[in-house]
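Structure record follows, encoded as structure tokens.
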Amino acid sequence: MSKDRKLRLSYTLLNLWDRGDVQGAVDTYLHLDKPMNQAVIEGREIHEQIAEYIDKHNCFPEWLFKYDLITPETEKEVIVSYNDLFDLKCYMDCYDMGTETLFEFKTGVSDSLNYTRTWQLPLYFLIGELASLPIKSGILVHHNQHTKTTDYTVMHNNKETKDLARNIIDSIGPEIRDYFLQEGLI
């Protein structure tokens, strides 16, 4: 394959690579099905319920989260060019243009604060900026399906968060690209 071909990076791909899961990164890039455990199955089902509810009612389910949405769009796919080597892609669980807020949904036992320590929201802020999509803040909404409790954490979009995303892309991305080129994956 061509050395000129761009690699499309996502949070999942970058995160798997950074954790040392090379095969997981390859499988993700090639869209190969992976076995799912019960927690992942439950999380996907809850995520679908939330998205369907928002699409139908223009608001969050009462059991999840109280927040006034204006123009919500669930499963918003955004792909942008980062540079000559990389495109960036994300699926925003819910983006509300009216409030310029991005929402990410998580399930399980880890609380929302744990998830906001990742680079997912910073990467999505950067993608939003490159796509001229206004995002003031991201709200990570966590629902523990076992205890039926919800918590959330707000992260504000600022230069530092986007600089973090750029640093991750610029430090991990070339290593992934070199490997994928060497293996003939791009």
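The values are calculated or read from the model by the stated rules, or taken from the named source; none is laboratory data. If you're wondering where the values come from, they're calculated on a predicted model, not measured in any experiment. Cβ coordinates were reconstructed from backbone atoms using ideal geometry, including for glycine residues, and neighbour counts include every protein chain displayed.
A single member of K106, K89 is surrounded by 19 or more Cβ atoms within 10 Å (Cβ to Cβ) and not aromatic (F, W, Y), and it is K106. Of the residues making up the range 142-177, those that are in a helix (DSSP H, G or I), out of contact with any helix residue (DSSP H, G or I) (no Cβ under 8 Å at 6 or more places or on another chain) and either at pLDDT below 95 or crowded, with 18+ Cβ neighbours inside 10 Å (or both) number 1. Checking S137 against (1) at pLDDT 95 or above; (2) buried (at least 18 other Cβ atoms within 10 Å of the Cβ); (3) under 25 Å from K66 (Cβ atoms), only one condition comes out false. Which one? Among (1) at pLDDT 95 or above; (2) buried (at least 18 other Cβ atoms within 10 Å of the Cβ); (3) under 25 Å from K66 (Cβ atoms), the lone unmet condition for S137 is (2). Considering only residues in the range 45-62 that are of a type outside the set (D, E, K, R) and more than 21 Å from T99 (Cβ to Cβ), the one that is surrounded by the fewest Cβ atoms within 10 Å (Cβ to Cβ) turns out to be Q49. In the range 102-124, of all residues being among the charged types (D, E, K, R) and not in a strand (DSSP E or B), the one that is nearest to the chain's Cα centre (by Cα) corresponds to R117. The number of residues in the range 125-141 that are in a helix (DSSP H, G or I) and among the charged types (D, E, K, R) comes to 1.
Scanning the range 1-44 for residues that are exposed (fewer than 15 other Cβ atoms within 10 Å of the Cβ), assigned to a helix (DSSP H, G or I) and aliphatic (A, V, I, L, M) gives V22, A39, V40, I41. Scan the range 45-101 for residues that are over 20 Å from S132 (Cα atoms) and either among the hydrophobic types (A, V, I, L, M, F, W, C) or in a loop (DSSP other than H, G, I, E, B) (or both) and the total you get is 17. Of all residues in the range 143-182, exactly one satisfies the criterion of being farther than 30 Å from E42 by Cβ, in contact (Cβ under 8 Å) with a residue 40 or more places away in the chain and of a type in the set (D, E), namely E175.
Checked against the criteria, Q120 counts as in contact (Cβ under 8 Å) with a residue 60 or more places away in the chain, surrounded by 16 or more Cβ atoms within 10 Å (Cβ to Cβ) and out of contact with any Lys or Arg (no Cβ under 7 Å at 6 or more places or on another chain).
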